[in-house]
Amino acid sequence: MAKQDLTLIHAPSVYDFRKEFLFYGPVSDLVPSTPVFEMYPFGFMTIAAHLHRMGYKVRIINLASMMLNDPKLDVPALIRRLDSRVFGIDLHWLPHAHGSLAIADLVRRLHPDAKILFGGYSSTYYHQELVRYPQVDLVMRGDSTEVPVAQLFEALDSGSDLGRVQNLTWKDERGVHENPFSFVPENIDYIEVDYGWIIRSVIRHRDLEGHKPFKDWDRYPLTVAFTVRGCAQQCLVCGGCNSAMKGFLCRKRPAFRSPEKVAEDIRHIQDYLKAPTFVVGDVRAGGRRYAERFFAESKSLGIDNPVVLELFTPADQGYFRSASSSFTSYSIEFSPDSHDEKVRYALGRSFDTSSMERSVQLALENECKRFDLFFMIGLPEQTRESALESARYAKRLHQLTSGDKRLFVFESPLAPFLDPGSYAFEHAEEVGYRLMARTLEEHRARLASPSWKHVLSYETIWMTRDDIADASYDAADALNQARQGCGLISEEELHLRMERTDQARSMMRELDSALSIKDAGRREARLEELREKGRELMESTICRKSDLEWESPGIFKSLPRAMIGLVKGGRRKR
C-alpha cells in the first residue's frame, strides 16, 4: 500500500467483539450504527479534506464496519499492510474506550516508528490520562482540530518543536507536555465539506468498505451537514451541552457555520449522492434571521434531496411553512426526552407538553414526510412509572394525529455511559446520579462486561440499573401496543416484536444467573452456551432498526450522479 501521511482508523466499541461474549441490548437501537458503534465521526472527513488541500495523503479506514461485514477479516494482517507516518484514532464517543486503545496497541506493535494520535470529545476530556497509555503519543484537544492537525504535520515535516502546535497534549522522553488550548474558532466557515474527496479516495484505494460511515451505508446512505459546533442548551446528561463546552472544550459560545454555507453543503452533497441529509443542530439556534437565511438559500439552490431537520424546542407554524416551501422533502427529529414536564424541566428542557404536541401536528399539516420523536430512560426525577408513561403517552400522540403513519415515537435507555463533562457527571450527587465509573480506564474496563446492564456506568436515586434495564423492555412493549392499537402495525407484527423483547429480557436474566456462578470454569462454560443467542439479539431488541430509516435508493443508484459530480467538481460557490 502507498505510504500515507495520516491514516484515520475508526475502531469498534470492543476489540475483538467477534470473539468476546457481549450482549449489547438496546444501546444503539435508535442510531444508524450497530452496537459496535461503527459510525466514524464527521471530523474524519473535514480533517482529511483540510490536509488533502495542503498536499498531504490521508486515508480513512472504518475498521469497525469492515469487521462487521467480514467476520473472517484478519485485523493484524490488515494493519500490518498499512504504511503511514501518523495513525489517527478517534475516541470521540466514550463507548469506543476499549476498542480504540486496543487498536492503538496493535498499531504500536506493528508500526513502532509511527506516531499515534488521538482526538475527539472523550480524548479531550481525558487527555492527561489518555496520553499516559504507552500506545498513545499525541492527543489533539477540541471540537475543531483541522488547523491544529495541519500544524502538527508542518512541525513533523520541519522537525520543529511540537510545543508550538495548538491544542496538543504530547509526550517525549522528558515527560508529558500540554500545549495551550488556543485554537477555538468562533465560526466554522473555514471547514470544507467535500464529499467529492471521499468518492475519489474510494476510487484511489479501491475500498468502499473502509470508507463507509457505517455498516449498511451502501444500502441506506445518510449524509450530514453541520450548522454549529458547541451548544447553547443546558441538558443535564449531555456531554455536548453549554457547560461542557465551557468546562473542557474551552468554547465560550457556539461556533456557527453561515446559513448560506450550510445550504451549499446540502446542495454539494446532492451533486454526488441521492440521499437524505441530516442537518445537525436546530437552525433556529443561531437566531430567527439565521433560520430565515438558511431556508431562503436552500430554496434558491433548488435542493431536492430529502432533508432531515433537528428541533431542540417546539417550533411554530412559520417554521414548518418555511421548511415546506424550501425543500421538496423534509422530515423532523425532535427529542423532548420525556412526556413528563417535571422530568423534562429537571433535565433542562423548559417547554410544556402542549407546545410539543402542537409542533407534531403543525409539521404533519405542513407536508413533513416523517416526524421522529424520542424519549429516554434514566433521567433526573424519572421513576420507572414515569418512564413507562412516556411510552404509553405515544398512544395520545397517535390519536392526536389520527393515526398518521408519518409519526414515529421511540424510547431507549441512556446507555451505556453518562457523558463525561455533562452537568450530571460533574455534579452527580447534586442531581440524583450514582456513578460507577469516573476514569477512562474504569469506563474501558466496563465495556468488556457480557451484559449491557452491567456496562451501564450509572444509576439514579429514582431508578436502579435493574429498573432502567427492565423499563427499557417494558417501554418497548408499551410503544408497540400503542402502534398496534392505532392500526400502525398488525397484530402479527406486534406479536413478533413482543416476542423479541421477551427473548431479550430472558437473555438478560440468564446472563445475570451465569455471572453469579462463583466457579470460573462453570461460569465461562455457561456464557459460551449463551453466546450464539446473544449474537442473534445484537440489534433491534426494542424496535425494528428499519423503523429509523428514511427513504433512500441505495448508494449504487447514485453512481452516475457521483461520476458527473466528480467531472464537474460539484457546484459549490468559491
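Read-outs throughout are calculated quantities, based only on the coordinates presented, and are distinct from any laboratory measurement. Since the structure is predicted, the reported quantities are computational estimates derived from the model, not experimental observations. Cβ sites come from the backbone with ideal geometry, for glycine too, and all protein chains shown count toward neighbours.
Under 15 Å from the Cβ of Lys19, count the other residues' Cβ atoms, weight Lys and Arg +1, Asp and Glu -1, and hand me the total.
-3
Could you give the length gained on full extension between Ala232 and Glu365, defined as 0.36 nm per residue of separation minus the Cα-Cα distance, in nm?
Value of the extension gain: 45.0 nm.
Using the basic label-point model (7 angstrom from Cα toward the beta carbon), what is the Asp466 to Asp161 distance in nanometres?
Each label point lies 7 Å from its Cα, and together they span 5.9 nm.
Counting only DSSP beta bridges with both residues in region 4-178, tell me the antiparallel percent, nearest 5. Write out the running numbers ahead of the final one.
Working: 7 of 25 bridges.
The antiparallel proportion sits near 30 percent.
Identify, among Gln361, Ser329, Gly318, the residue whose Cα sits farthest towards the positive end of the charge dipole of region 282-377, taking +1 on the Cβ of Lys and Arg and -1 on the Cβ of Asp and Glu, with the dipole about the Cα centre.
Gly318
Using label points projected 7 Å from each Cα along Cα→Cβ, tell me how many nm separate Glu430 and Glu154, to one decimal.
Going by the 7 Å Cα→Cβ label model, 4.0 nm.
Among DSSP bridges having both ends in region 221-548, what percentage is antiparallel? Round to the nearest 5.
Beta bridges within region 221-548, antiparallel portion: roughly 20 percent.
Can you list the aspartates and glutamates whose alpha carbon sits under 16 Å from that of Lys115, skipping same-chain ones fewer than 8 residues off?
Straight-distance partners of Lys115: Asp5, Asp83, Asp90, Asp105, Asp137, Glu154, Asp157, Asp161, Asp172, Glu173.
Using Cα centres only, tell me the gap between region 267-343 and region 76-90 in whole Å.
38
What is the distance, in nm, between label points placed 7 Å from the Cα along the Cα-to-Cβ direction at Lys299 and at Glu499?
Rounded to a tenth, the inter-label distance reads 5.1 nm.
Taking 24 Å as the cut-off for C-alpha to C-alpha distance, list the pairs among Lys215/Lys274; Lys246/Lys342; Lys212/Lys299; Lys3/Lys215; Lys299/Lys405 that go past it.
Listed pairs above 24 Å: Lys246/Lys342; Lys212/Lys299; Lys3/Lys215; Lys299/Lys405.
Can you compute 3J(HN,Hα) from phi for each residue in region 355-363, using the Karplus curve 6.51 cos²θ - 1.76 cosθ + 1.60 with θ = phi - 60°, rounded to whole Hz and x for Gly and Pro?
With coefficients 6.51, -1.76 and 1.60, one gets 5, 5, 5, 5, 4, 4, 5, 5, 4 Hz.
Any chance you could check the Cα centroid distance between region 393-454 and region 127-159 for me, in angstrom?
31
So for region 4-178, averaging the separation of alpha carbon pairs under 8 Å that are six or more residues apart and normalising by length, what relative contact order in percent results?
On the way: 285 pairs, mean separation 39.3, N = 175.
Answer for region 4-178 is 22 percent.
Students often forget the sequence filter, so: which lysines lie under 22 Å Cα-Cα from Lys518 once same-chain residues fewer than 8 apart are removed?
The qualifying lysines are Lys453.
Rounded to the nearest 500, what is the chain's calculated 222 nm mean residue ellipticity when only DSSP H runs of at least 4 contribute -39500 (n - 2.57) each, over all residues? Numbers along the way, then the final one.
Numbers: 22 runs with 242 residues, N = 574.
Calculated at 222 nm, the ellipticity per residue is -13000 deg cm²/dmol.
Give me a comma-separated list of calculated 3J(HN,Hα) values for region 182-188, in order, Karplus coefficients 6.51, -1.76, 1.60 applied at θ = phi - 60°, integers in Hz, x for any Gly or Pro.
After applying 6.51 cos²θ - 1.76 cosθ + 1.60, I find 10, 9, 9, x, 7, 9, 10 Hz.
At 1.567 mPa s and 4 °C, plugging the Kirkwood radius over alpha-carbon pairs of the chain into Stokes-Einstein gives what diffusion coefficient in µm²/s? Write down the numbers at each step before the final one.
Numbers: Rh = 24.6 Å.
Estimated diffusion coefficient is 53 µm²/s.
Suppose the Debye formula is applied to equal point scatterers at every Cα of region 221-548; what is log10 I(q)/I(0) at q = 0.08, 0.13, 0.14 Å⁻¹?
So the normalised log intensities are -0.42, -1.09, -1.23.
Over the chain, what is the relative contact order in percent, taking alpha-carbon pairs closer than 8 angstrom and at least six residues apart? Mind showing how you got there, number by number?
Working: 1101 pairs, mean separation 98.4, N = 574.
After rounding, I find 17 percent.
Whole-Hz ³J(HN,Hα) for each residue in region 449-457, computed from phi via Karplus 6.51 cos²θ - 1.76 cosθ + 1.60 with θ = phi - 60°, x for glycine and proline: what do you get?
5, x, 10, 4, 4, 7, 6, 3, 9
Take the Cβ-Cβ distance between Asp519 and Arg109 as r, set R0 to 30 Å, and report the resulting FRET efficiency rounded to the nearest 0.05.
Computed FRET efficiency for Asp519 and Arg109: 0.30.
What FRET efficiency, computed as 1/(1 + (r/R0)^6) with R0 = 60 Å and r the Cβ-Cβ distance, is obtained for Glu292 and Glu173, rounded to the nearest 0.05?
Given R0 = 60 Å and the Cβ-Cβ separation, E is 0.60.
Once the other residues with Cβ under 13 Å from the Cβ of Val86 are scored (Lys, Arg +1; Asp, Glu -1), what is the net sum?
0
Can you tell me, using C-alpha contacts under 8 Å and at least 6 residues apart, the relative contact order of region 221-548 as a whole percent?
Once normalised by length, the contact order is 14 percent.
So how do Trp93, Trp170 line up by other beta-carbon neighbours within 10 Å, fewest first?
In order of increasing Cβ crowding within 10 Å: Trp93, Trp170.
Across all directions of projection, what mean area in square nanometres is found for the Cα convex hull of region 4-178?
That works out to 10.0 nm².
Enumerate by residue number the GluC sites (Glu not before Pro) in region 186-255 meeting two conditions: DSSP loop (anything except H, G, I, E, B), and at most 13 other Cβ atoms within 10 Å of the site's Cβ.
When the GluC sites (Glu not before Pro) of region 186-255 are filtered for loop state and at most 13 Cβ neighbours within 10 Å, Glu186 remain.
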